[in-house]
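To keep things clear, I will list the structure first and then write my remarks on it.
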Amino acid sequence: MNISIFGLGYVGAVSLACLARDGHTVIGVDVDQAKLDLINAGMTPVVEEGMVELMQSVVASDRVRAIRDVETAIRDSAISLICVGTPSAANGSQDQGAVLRLAHQLGAALRNKMAPHVFVFRSTLVPGTVEEVIRPILEAESGQREGVDFFCAFQPEFLREGTSIRDYDKPPFTIVGCNHDFPAERLRALFGHLPCEFYRTSVRAAELVKYCCNNFHALKITFANETARLCEALGVDPFQVMDLLCRDGQLNISKAYLRPGYAFGGSCLPKDLRATLYLGKQRDIDLPMHAGILASNRHHVDHAIAKVLASGSRRVGLIGLSFKTGTDDLRESPLVTLAEQLLGKGIQLRVYDPEVHLSRLLGANRRFIDDHVPHLGELLRETLGEVADECDVLVVGLSSPGIFAALEAHVDSRHYVLDLVGLPNRAALGGRVEGLCW
Ligand SMILES: NC(=O)c1ccc[n+]([C@@H]2O[C@H](COP(=O)([O-])OP(=O)(O)OC[C@H]3O[C@@H](n4cnc5c(N)ncnc54)[C@H](O)[C@@H]3O)[C@@H](O)[C@H]2O)c1
């Protein structure tokens, strides 16, 4: 393919070298003349393992040239990868100056081009940028229509500096966000041979996934480092602790606990987090990330409360009360917190949980519910149908085939269903269904 690459920093230069190595003809464009001169002389503008030799060989192959002129690059290529920098502005927002200036030039360069050009944004961009900011600029400058005369796609880049050629050849996955088949097919032709899955998604989801991945990496590093600070204070080897943590492929290094849903609770996670924070406090170790977990969890409960109250109805049914499906353990259940808060707001609450029978609750479990929802007996109903009869709003906090079937049988057009669990059958329910965050 004839490819142009805009921005010859780490991402752009490595992409240029690897694409040329794979037999494509590549035009690199940058505003920095020094980078252009280096590349045209067969040298690398970035320090990366393997780049010295690779750049030398691809430039010698005559499949690479580096220029300043945007119009020439657009004319002589069918697909453009945009890899310019998107650093932080002083206030923390994304500085999009470079990519927006470039968008004006790209649009203008498109004016005289008839063949359908594909723009692939590889720079990290805040969600919404391609569709709401860049596409209008390209359309206004070119007088052409995206999706008809030219196409935009967002393909997040996952390479890491230091191992970028290896990462280019073996990315975790290829994600292409686009609204049309043509750019997806072009990108499949370009990257489909890589040894990873190829996922097509919306432009905005692709933009967001990049942030989500980087934030997750930052979270993991900080988790390991906060744990290490605690280990140091306790005289424990942090490498051993983290190594053991990683050896659990069932609950730790796995998909477990990574599905969006309602807040966590129960008799272990909140109390153990609090004890960890106290341990840190006793030894003057600040653990802000760990502290933030509980604060964030409370926000999630508040989010659910706000949605229930926003429904405007006073007749609310809670489907589920225990901290997770299949148990009657009510201790620190975030559904109990929800019930308590709604009762405090004067909501007429009804509760159904197939596992919770007041007469069978004992010990700490009984004491917890007596403290938090003392009149639970008056609120509990034997069936989901009874709750549906008495309420306009149904808050679903349990996830089981029995609950899904009962909801299908009893939800009708009167009901507003707030789904806290990610119901698999929401389309089959008669009422208006809204997810907590989906
Ligand atoms: N560096 C990484 O490991 C990495 C990994 C994944 C994604 N990203 C993202 O990719 C993007 C590029 O990152 P980078 O580290 O390669 O950036 P970089 O700062 O190394 O390079 C950016 C290049 O863009 C050039 N440029 C600026 N304005 C231009 C214009 N109008 N026309 C042409 N070129 C222009 C600059 O001169 C520079 O050479 C960023 O959005 C970054 O967040 C980076």
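What relative contact order, as a whole-number percentage, does the stretch 296-435 give when Cα pairs under 8 Å and 6 or more residues apart are counted?
After rounding, I find 25 percent.
Quick one: angle between helix 334-344 and the longest Cα principal axis of the chain, in degrees between 0 and 90, rounded to 10, please.
Helix 334-344 and the main axis of the chain meet at about 60 degrees.
Based solely on C-alpha atoms, express the radius of gyration and the Dmax of the stretch 2-208 in angstrom.
That works out to 15.8, 45 Å for Rg and Dmax.
Could you tell me, in Å, what Rg and Dmax come out for the Cα atoms of the chain?
Just the Cα atoms of the chain yield Rg and Dmax of 27.7, 83 Å.
In nm, give the distance between the simple-model label positions of residue 1 and residue 163, each being 7 Å from the Cα along the Cα-to-Cβ direction.
For the pair residue 1/residue 163, the computed spacing is 2.6 nm.
Could you state the angle between the C-alpha long axis of helix 97-110 and the longest principal axis of the C-alpha atoms of the chain, as a value from 0 to 90 degrees rounded to the nearest 10?
Long axis of 97-110 versus the principal axis of the chain: about 60 degrees.
Can you work out the FRET efficiency for the pair residue 61 and residue 296, with r the C-beta to C-beta distance and R0 = 56 Å, to the nearest 0.05?
After rounding to 0.05, the efficiency reads 0.60.
Relative to a virtual label point 7 Å from the Cα of residue 68 in the Cα→beta-carbon direction, which members of the stretch 1-30 show backbone nitrogen distances below 17 Å?
Counting backbone N atoms under 17 Å from the label point, the list is 6-8, 28-30.
List the GluC sites (Glu not before Pro) in the stretch 1-107 that DSSP assigns to loop (not H, G, I, E or B) and whose Cβ has at most 16 other Cβ atoms within 10 Å. Which are they?
49
Express in nm, to one decimal, how much length is gained between residue 386 and residue 251 on full extension, taking 0.36 nm for each residue of separation and deducting their alpha carbon distance.
Stretched out fully, the residue 386 to residue 251 stretch lengthens by 44.9 nm.
Below 8 Å, C-alpha to C-alpha, sequence gap of six or more: please give me the relative contact order for the stretch 236-312 in percent.
24 percent
Dividing the Cα radius of gyration by the Kirkwood radius, what Rg/Rh value follows for the stretch 203-282?
Dividing the radius of gyration by the Kirkwood radius yields 1.02.
So what's the Cα pair-distance distribution over the stretch 296-435, bin width 5 Å, in %?
Going out from 0 Å in 5 Å bins, the stretch 296-435 shows 2, 11, 22, 26, 21, 13, 5, 1, 0 percent.
Per 0.36 nm of contour for each residue apart, how much would the distance between residue 193 and residue 220 grow if the chain were fully extended, relative to their Cα-Cα spacing?
Between residue 193 and residue 220, full extension yields 6.7 nm more.
Give the distance, in whole Å, between the Cα centre of the stretch 178-235 and the Cα centre of the stretch 378-417.
38 Å
Once the Cβ-Cβ distance between residue 47 and residue 170 is put in as r, and R0 is 25 Å, what FRET efficiency do you end up with, to the nearest 0.05?
0.75
Could you pull out the trypsin sites (Lys or Arg not before Pro) across the stretch 296-372 that fall in loop regions by DSSP (anything but H, G, I, E, B) with no more than 14 other Cβ atoms inside 10 Å?
345
Taking the convex hull of the alpha carbon atoms in the stretch 256-358, what volume per residue do you get, in Å³?
124 Å³
When the helices in the chain are scored as -39500 (n - 2.57) per DSSP H run of 4 or longer and the sum is shared across all residues, what 222 nm value do you end up with, to the nearest 500 deg cm²/dmol?
Using -39500 (n - 2.57) per qualifying helix, the result is -13500 deg cm²/dmol.
How high is the relative contact order of the chain? Use alpha-carbon pairs under 8 Å, at least six apart in sequence, and give a whole percent.
This gives 9 percent for the chain.
Tally the DSSP beta bridges in the chain and give the antiparallel ones as a percent, rounded to 5.
5 percent
Amide H of residue 4: which non-local residues (sequence gap of 5 or more, or other chain) have their own amide H closer than 5 Å, using H built in the peptide plane?
Excluding prolines and chain starts, which carry no amide H, the hits are 27, 78, 79, 80, 81.
Over what distance in Å are the Cα centres of the stretch 106-170 and the stretch 302-350 separated?
45 Å
Values quoted throughout were computed directly from the atomic coordinates according to the rules given, and no laboratory measurement underlies them. What you are looking at is a predicted structure, and each value in this text was computed from that prediction instead of being measured. Glycine gets a Cβ as well: all are built from the backbone with ideal geometry, and neighbour counts include every protein chain shown.
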